[in-house]
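Sharing a structure, written as structure tokens. Questions coming.
A short reminder: the numbers here are calculations on the coordinates, not readings from a lab. Computed from a predicted model, the values in this text were never measured in an experiment. With ideal geometry, Cβ positions are generated from the backbone for all residues, glycine too; neighbour counts draw on all protein chains shown.
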């Protein structure tokens, strides 16, 4: 009788583990909910425009200095952005007692209103093959991002609203061209006059 009792308890425990595993797999496979963003055109009447041409190396320094200065890399996940022929986001995600290294690569596109869309190209998280939408959802939920950066996991892209970025003296930035392969990066700096 005692052998049957332990056998029955073992199978009950195994069933509970199987139910939990199925539940976790269902949660992982559910699609992420996107945050919608409607692009706005900025009123430039109260601003004086200055055209700026940059290269990848200088812009790498500026982006990572901004992330560090704003305290955006001090969160649960450490990350940095590098501009090569595409926009690469490198970081690590705590996973049990280890940190998993990840790399997300995006193709940038400058929009007419001066904002930037980063379309997902490739992804790697350690040696795991994870769905892009789930990794982007994880990044959105765990990373501290600048205001105006909207991650849309279903669309597999990141929308960067340059108009909503908080810069000193209420200066605004519009991206005119963002071609990393040609190293052609042009901005318009809008300085307020009123």
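Based on the mean of other Cβ atoms within 10 Å per residue, sort peptides 151-160, 47-56, 171-180 so the most packed one is first. Spell out each step's value before the answer.
Details: 151-160: 19.9, 47-56: 12.9, 171-180: 16.7.
For the peptides 151-160, 47-56, 171-180, the packing ranking is 151-160, 171-180, 47-56.
A follow-up question, please. Cα-based Rg (one decimal) and Dmax (whole number) for the stretch 37-192, in Å?
Expressed in Å, the Cα Rg and Dmax of the stretch 37-192 come to 15.9, 54.
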